[in-house]
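Below is one structure, written out as structure tokens; the observations come after it.
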Amino acid sequence: MALLDDLKKRVADTTQGAVRGARDISDAARYNSLISDEQKTIANLYGQVGKYFYEHCTAVAESPLKELCDAIAAANGRIAACQLGLQQIRGVKPCPNCGKEIALASAFCSHCGAPAEVASMPAASEMPPPRRFCVNCGGELEPGAAFCLSCGQRV
């Protein structure tokens with residue numbers, strides 16, 4: 001009988017240990033999740049502080065903050081150039097009043113009704129030659145090329 005009681009006690013201890021271990025793992029995961037959430041909150045707040053500084057204090061910034069502000073301004077300039085390129089590809093322009101995209105040929109904004117400058121199409125002589133691409137590798141072909149410079153395919 002003592003052997004059976006000892007076995008029951010060992011099983012109970014093992015089960016309690018497993019339950020404690022599972023609870024510890026669950027608690028650790030919960031704490032890790034809470035820590036991660038707080039770290040994301042801090043990163044977001046750092047971003048807000050930086051944005052506020054950039055928008056309100058750039059003029060008084062000293063190095064290295066001035067260099068970071070200049071890098072942000074340069075990146076914003078590159079983004080604006082890319083957005084302009086996208087608008088040209090899509091054949092749209094921003095409304096000077098509300099900023100919504102409207103067709104290049106629109107004399108008025110379809111969203112707010114404000115007058116918009118009508119963009120004139122460039123003359124054929126001002127248009128760049130159409131770009132050609134290799135059917136074999138997709139590389140861009142030089143104007144007038146008979147062979148692809150990337151893969152040697154005859155075009």
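Derivation of every value follows stated rules applied to the coordinates shown; laboratory data play no part. Keep in mind the model is a prediction, meaning the values are calculated, not measured. Virtual Cβ from ideal backbone geometry, glycine too; neighbours counted across all protein chains shown.
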Most to least packed among 109-117, 8-16 [average Cβ atoms within 10 Å]: 109-117, 8-16
Nearest-0.05 FRET efficiency for ALA75 and VAL155, computed from C-beta distance (R0 30 Å): 0.20
Where N is the number of residues in the chain, Cα Rg divided by 2.2 N^0.38 Å: 2.18
Global geometry of region 1-84, whether rounded, prolate or oblate, following the gyration tensor of its Cα atoms and the 1.5 cut on a/c: prolate
Nearest 10 degrees, 0 to 90: helix 2-57 Cα axis against the chain principal axis: 30
Unit charges on C-beta of K, R, D, E only; dipole of region 12-53, Debye: 180
Distance (nanometres) between label positions extended 7 Å along Cα→Cβ at SER110 and ASN97: 1.6
Separation in nanometres of the label points that stand 7 Å from Cα toward Cβ, at ALA2 and ILE42: 5.8
